[in-house]
Each structure stands twice: as C-alpha cells, then as structure tokens.
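S.K.: Quick one: this structure, given as structure tokens, is what I'll be asking you about.
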Amino acid sequence: MNAVSELNIVHGGLTTVLERLSQRFDLIDETRALTREVRQLERRLIDMQNGILEVRMVPLRQVFDKLSRVVRKVSRESGKEIRLEVSGADTELDKLIVEELSDPLMHIIRNAIDHGIEMPSIREAAGKPRVGTIRVGARQQGSRVLVTVSDDGSGIDPRRVADVAVNRGVVDQGAVADMTPSELQNLLFLPGMSTREVATELSGRGVGLDVVKTNIARLSGIIDLSSTRGEGTELTITLPITLAIIQALVIESAGRTYAIPLNSVLESLMITAAEIQTVEGREVYSLRNHTLVLSRLEHLFRLERPADKPRPHKMFVVVIGLAQHRLGLVVDDLVGERDVVIKPLGSTLADVPGIAGATELSHQETVLVLDVPGLVEETLLRPPAATEAA
Ligand SMILES: Nc1ncnc2c1ncn2[C@@H]1O[C@H](COP(=O)(O)OP(=O)(O)OP(=O)(O)O)[C@@H](O)[C@H]1O
Ligand SMILES: [Mg+2]
C-alpha cells in the first residue's frame with residue numbers, strides 16, 4: 001500500500017514535468033509519446049490500487065456468524081426467546097474495518113437482548129409475539145456500507161433518559177427541556193449514561209455505547225440511533241468501505257492545503273459573501289430551499305490568515321454529508337481531485353478533532369486529511385449542554 005502511494009507521488013512528479021515540457025516544446029513527437037506512456041502508467045497504477053483493495057476485502061459474514069452464537073448463549077441465560085435474522089452477510093469491507101467491528105456489534109446485540117427484548121410473558125401481555133426478533137443487516141451504498149441492528153423490544157423512553165442524564169450530571173435540567181426526543185435518545189452515547197441502577201453480567205458497568213461510538217469514529221464511521229417506545233430500537237452504523245486509498249478533494253483555505261475524502265462530498269458550489277445568512281448565530285446558506293449550516297474551515301482550525309491571502313470575495317462551499325447529516329464547509333479554493341493514501345498521525349496528534357490523518361501530495365508537500373464524521377459531529381451533533389459540561 002505504501003509503495004503504491006510512493007508510486008502515485010512519482011506519477012504526480014512526472015505529470016508536472018511533462019506539463020512544463022509540453023509548454024516549452026509544444027508539438028514535438030517525444031512529448032506526445034511521453035504523454036501516452038504516463039497515461040499508461042496511470043492506468044496500471046489504478047489497476048494496482050484496485051487489486052490491493054480487493055485483496056483486503058472480506059465479507060461481513062465472519063462477524064455476523066459470531067453474533068448468532070452470542071445471541072443463542074445470552075438468550076438462554078436470560079430466559080428470553082429470541083430469533084436472529086441476518087441479511088447482507090456477503091457485503092464486503094476492508095478486513096481491518098471488519099476486525100474492529102466485532103466488539104461494537106457484540107455490544108449493541110447485548111444491549112438489544114438486555115434492554116430491548118422483553119421477557120416472553122411481558123411480550124404476550126403487550127400483544128407481541130413471545131419470541132423477540134433482532135435483525136442484523138448490511139448493505140452497500142456508494143462507497144459506504146450501512147450496518148443496522150434493530151430489535152422489536154421495548155424501545156427507549158426519552159423522558160427516562162432525560163431523568164438519568166440530569167441525575168448523573170451529564171446535562172442540566174434547563175438543557176433537557178429544550179431537547180427533542182431524538183436528541184434525548186442520542187444522549188445515551190455519552191459516558192455514564194446507563195439506565196441500569198445495578199450492574200449485571202450484561203450491563204451497567206458504564207462502558208457501553210460511548211465506547212462503541214468512539215470505536216466506530218476511529219474507523220471514520222458514524223452511529224445513529226432511532227427508537228420508538230414499545231416498538232423497538234434501531235442502530236445504524238455508516239462506514240467507509242476502506243480506510244486505505246481514497247479519492248480526495250484537495251482544497252485551500254487561508255493559504256493552507258487540505259484533502260477531504262471524496263466519498264463524503266456531495267457537491268461543491270461557488271458562492272459570494274452576500275449569499276451567506278446568519279440564523280441564531282450560525283452562518284447558513286439556502287441550498288435549493290434547504291438550510292445548510294456553514295462552517296468556515298479557517299474558524300474550525302483557528303487559522304491565521306496570511307497578509308497576502310485576503311479573504312476572497314468568491315468562495316467555495318463543499319457540502320459534506322454523512323448518513324442524514326449535511327454540513328457546508330466554506331473554503332477559499334478547490335484545487336482538484338487526487339487519489340491519496342491516508343497515513344495515521346503520530347500519537348501526539350492522533351486526537352486532534354477533525355483530522356483523520358495525513359497524506360503526501362508530492363515529494364515536498366504533506367497535507368492533512370479532514371475527518372468528515374468528526375467535523376459533522378463537532379459542528380452539528382454535539383448537544384450544546386454536553387459541551388459546557390465537558
Ligand atoms: N436496544 C435497546 N433497547 C432499549 N434500550 C437500550 C437499547 N440499547 C441501549 N439502550 C439503553 O441505553 C442505555 C445505555 O446503554 P450502554 O450500553 O451505554 O450501557 P448499559 O448497557 O446500561 O451498561 P454497560 O455500560 O455495561 O453496557 C442502556 O442502559 C439502555 O437504557
Ligand atoms: Mg450496554
């Protein structure tokens with residue numbers, strides 16, 4: 001993988017030299033011949049990248065099989081009757097991602113059995129079938145894979161979550177009052193949010209969904225929860241197919257260069273300062289009658305604008321999206337698209353929010369790759385009260 005990345009850089013260097021050559025010696029046969037060779041090289045490089053990626057792809061089946069064993073064991077121990085339905089086990093992901101997915105999925109399944117599915121007698125009394133159903137499914141959507149786990153259990157009561165959050169000092173009473181049921185349910189992803197008073201074999205130790213969320217985020221994924229009281233709960237994990245080689249949109253802001261993974265970019269637009277509105281202290285743009293929250297990259301990363309790079313009159317909005325969330329990143333310029341190999345940052349920089357890693361664009365230039373789930377999280381999803389508490 002690293003060798004491919006080095007070769008990509010060499011290819012980039014060749015292309016630059018070739019461009020300069022053809023500017024000087026316009027129509028000579030050698031530059032044309034060289035252009036053809038460089039194109040060939042490019043095609044072979046793409047084949048090689050795809051080959052490496054393919055070798056790394058494995059079906060999710062191996063993880064799903066493990067889950068059925070857990071369901072059988074845990075349902076026996078808990079006295080609950082549970083049927084597991086699996087779909088999309090052939091869906092493939094990079095093996096590094098599949099390996100890291102096992103623990104989070106296991107935890108979500110344990111939660112579904114422990115908190116979701118009711119005892120058979122209670123289910124009967126509520127007019128539900130005695131046997132509870134847990135569905136685990138995977139499907140590909142563009143360059144992402146969605147993994148869902150749903151149960152037809154008791155669901156999550158937002159008011160109960162609110163009580164727990166206030167009692168445990170996670171958010172204050174005032175903040176809870178302003179939250180929607182879905183925002184309340186999403187508080188369960190914060191540390192210390194177990195609704196169990198006493199720890200059991202399965203739950204209540206307080207290392208739960210918060211750890212699941214952190215681990216999914218480490219895979220550049222995002223997790224969403226939706227639940228209806230009495231009917232059940234569904235968790236959706238959105239993951240990239242691979243973390244290794246990605247197509248990236250290279251952008252510039254305040255004189256710095258960054259790469260944005262293209263699979264999270266929905267579109268980019270050119271706008272003028274006059275088209276930006278401010279609503280409740282947030283900059284927004286009206287995109288086909290939908291309000292798009294804007295975030296300026298220079299503010300996010302607290303960049304100092306160099307004197308020779310004044311804020312341009314025309315700027316670009318890169319619309320990034322993840323699951324159902326949308327955010328408009330305001331940048332100065334779009335440089336172009338590149339295939340890049342993401343390299344992790346060293347441990348000192350690993351926890352900087354909004355940065356997924358670094359990549360080399362040329363021998364001289366190393367740029368940071370933006371972490372789209374992180375940015376969406378930071379800007380759109382973080383409950384305001386929790387930020388204060390943290
Ligand atoms: N499938 C589900 N159905 C209903 N409630 C759920 C479900 N999954 C999670 N919950 C709720 O979310 C809370 C937080 O879950 P989390 O896994 O973080 O903690 P826990 O399971 O209580 O304890 P532990 O930290 O040991 O896992 C649970 O206490 C429960 O109230
Ligand atoms: Mg749990």
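S.K.: Could you please find all residues in region 227-257 being touching a helix residue (DSSP H, G or I) at 6+ places or on another chain (Cβ under 7 Å) and either closer than 30 Å to residue 118 by Cβ or within 16 Å of ligand 1 (Cβ to nearest atom) (or both)?
M.R.: 227, 232, 233, 235, 237
S.K.: Within region 299-308, is there a residue that is surrounded by 19 or more Cβ atoms within 10 Å (Cβ to Cβ) and more than 19 Å from residue 353 (Cα to Cα)? Can you show your working first?
M.R.: Taking region 299-308 as the starting set, the residues that turn out to be surrounded by 19 or more Cβ atoms within 10 Å (Cβ to Cβ) are none.
Within region 299-308, none of the residues are surrounded by 19 or more Cβ atoms within 10 Å (Cβ to Cβ) and more than 19 Å from residue 353 (Cα to Cα).
S.K.: Moving to a separate point now. When residues of region 116-151 are filtered for being among the acidic types (Asp, Glu), more than 16 Å from ligand 2 (Cβ to nearest atom) and either assigned to a helix (DSSP H, G or I) or under 26 Å from the mean Cα position of the chain (by Cα) (or both), how many remain?
M.R.: First pass over region 116-151, keeping only residues among the acidic types (Asp, Glu): 118, 124, 151.
Next, only the ones that are more than 16 Å from ligand 2 (Cβ to nearest atom) stay: 118, 124.
In the following step, the residues that additionally are either assigned to a helix (DSSP H, G or I) or under 26 Å from the mean Cα position of the chain (by Cα) (or both) were identified as 124.
The total comes to 1.
S.K.: Cβ-Cβ under 6 Å, sequence separation 6+ or interchain: first residue in region 92-108 and surrounded by fewer than 22 Cβ atoms within 10 Å (Cβ to Cβ), partner hydroxyl-bearing (Ser, Thr, Tyr). Which pairs?
M.R.: Pairs that qualify, where the first residue is surrounded by fewer than 22 Cβ atoms within 10 Å (Cβ to Cβ) and the partner is hydroxyl-bearing (Ser, Thr, Tyr), are 94/242.
S.K.: With the structure loaded, tell me whether residue 113 is of a type outside the set (Gly, Ala, Ser), in contact (Cβ under 8 Å) with a residue 12 or more places away in the chain and either assigned to a helix (DSSP H, G or I) or surrounded by fewer than 20 Cβ atoms within 10 Å (Cβ to Cβ) (or both) or whether it fails that test. Before you say what the answer is, go through the steps one by one.
M.R.: Numbers: of a type outside the set (Gly, Ala, Ser): yes; in contact (Cβ under 8 Å) with a residue 12 or more places away in the chain: yes; either assigned to a helix (DSSP H, G or I) or surrounded by fewer than 20 Cβ atoms within 10 Å (Cβ to Cβ) (or both): yes.
Yes.
S.K.: Of the residues 155, 169, which single one is in a loop (DSSP other than H, G, I, E, B), surrounded by fewer than 18 Cβ atoms within 10 Å (Cβ to Cβ) and at positive phi? Let's see the steps before the verdict.
M.R.: Numbers: 155 fails: surrounded by fewer than 18 Cβ atoms within 10 Å (Cβ to Cβ).
The match here is 169.
S.K.: From the list 100, 19, 85, pick out the single residue that is of a type outside the set (Val, Ile, Thr) and touching a strand residue (DSSP E or B) at 6+ places or on another chain (Cβ under 7 Å).
M.R.: Details: 100 fails: touching a strand residue (DSSP E or B) at 6+ places or on another chain (Cβ under 7 Å); 19 fails: touching a strand residue (DSSP E or B) at 6+ places or on another chain (Cβ under 7 Å).
Unique residue meeting the criteria: 85.
S.K.: Do you know which residues across region 180-210 are near ligand 1 (Cβ under 8 Å from one of its atoms), at pLDDT 70 or above and among the aliphatic types (A, V, I, L, M)?
M.R.: 188, 193, 209, listed by residue number.
S.K.: Then there's this: Within region 322-338, which residues are in a loop (DSSP other than H, G, I, E, B) and surrounded by fewer than 15 Cβ atoms within 10 Å (Cβ to Cβ)? It would help to see each step written out before you state the result.
M.R.: Start the filter on region 322-338 by keeping residues that are in a loop (DSSP other than H, G, I, E, B), which leaves 323-324, 332.
Result: 324, single match.
Residue by residue, here is whether (1) of a type outside the set (Lys, Arg); (2) modelled with pLDDT of 90 or more; (3) within 30 Å of residue 239 (Cα to Cα); (4) surrounded by 17 or more Cβ atoms within 10 Å (Cβ to Cβ) holds:
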| residue | (1), (2), (3), (4) |
| --- | --- |
| 268 | yes, yes, yes, yes |
| 274 | yes, yes, no, no |
| 277 | yes, yes, no, no |
| 293 | yes, yes, yes, no |
| 317 | yes, yes, yes, yes |
| 320 | yes, yes, yes, yes |
| 340 | yes, no, yes, yes |
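S.K.: With the structure loaded, tell me whether residue 228 is touching a residue at least 60 places away in the same chain (Cβ under 8 Å) and surrounded by fewer than 14 Cβ atoms within 10 Å (Cβ to Cβ) or whether it fails that test. It would help to see each step written out before you state the result.
M.R.: Numbers: touching a residue at least 60 places away in the same chain (Cβ under 8 Å): yes; surrounded by fewer than 14 Cβ atoms within 10 Å (Cβ to Cβ): yes.
It is true that residue 228 is touching a residue at least 60 places away in the same chain (Cβ under 8 Å) and surrounded by fewer than 14 Cβ atoms within 10 Å (Cβ to Cβ).
S.K.: Further, regarding this structure: Report, by residue number, each residue of region 219-237 that is under 14 Å from residue 136 (Cβ atoms), polar (S, T, N, Q) and within 15 Å of ligand 2 (Cβ to nearest atom).
M.R.: 233 - this is the single residue of region 219-237 that is under 14 Å from residue 136 (Cβ atoms), polar (S, T, N, Q) and within 15 Å of ligand 2 (Cβ to nearest atom).
S.K.: What are the pairs, 6+ residues apart or on separate chains, where a residue within region 307-321 that is within 19 Å of residue 371 (Cα to Cα) has its Cβ under 9 Å from a residue that is among the aromatic types (Phe, Trp, Tyr) and in a strand (DSSP E or B)?
M.R.: What qualifies is 317/285.
S.K.: Determine which single condition residue 99 fails, assuming it passes every other condition in (1) over 26 Å from residue 229 (Cβ atoms); (2) acidic (Asp, Glu); (3) within 16 Å of ligand 1 (Cβ to nearest atom).
M.R.: (3)
S.K.: Need pairs with beta-carbon distance below 6 Å; first residue of a type in the set (Asp, Glu) and within region 352-370, second outside any loop (DSSP other than H, G, I, E, B); sequence gap 6+ or separate chains.
M.R.: Within 6 Å, the pairs are 360/9; 360/366.
S.K.: Sticking with this structure for a sec: What number of residues in region 135-168 are among the hydrophobic types (A, V, I, L, M, F, W, C) and over 19 Å from residue 91 (Cα atoms)? First the steps, then the outcome.
M.R.: Kept after step one, since they are among the hydrophobic types (A, V, I, L, M, F, W, C), are these residues of region 135-168: 136, 138, 145-147, 149, 156, 161-162, 164-166.
Add one more test, that the residue is over 19 Å from residue 91 (Cα atoms), and what stays is 156, 161-162, 164-166.
Here the count works out to 6.
S.K.: Here's a follow-up. What are the pairs, 6+ residues apart or on separate chains, where a residue within region 182-194 that is more than 16 Å from residue 236 (Cα to Cα) has its Cβ under 8 Å from a residue that is within 11 Å of ligand 1 (Cβ to nearest atom) and charged (D, E, K, R)?
M.R.: Pairs found: 190/210; 191/210; 192/210; 193/210; 194/205.
The values are calculated or read from the model by the stated rules, or taken from the named source; none is laboratory data. The shown structure was predicted, so the numbers you read here are calculated from the model rather than taken from an experiment. Glycine gets a Cβ as well: all are built from the backbone with ideal geometry, and neighbour counts include every protein chain shown.
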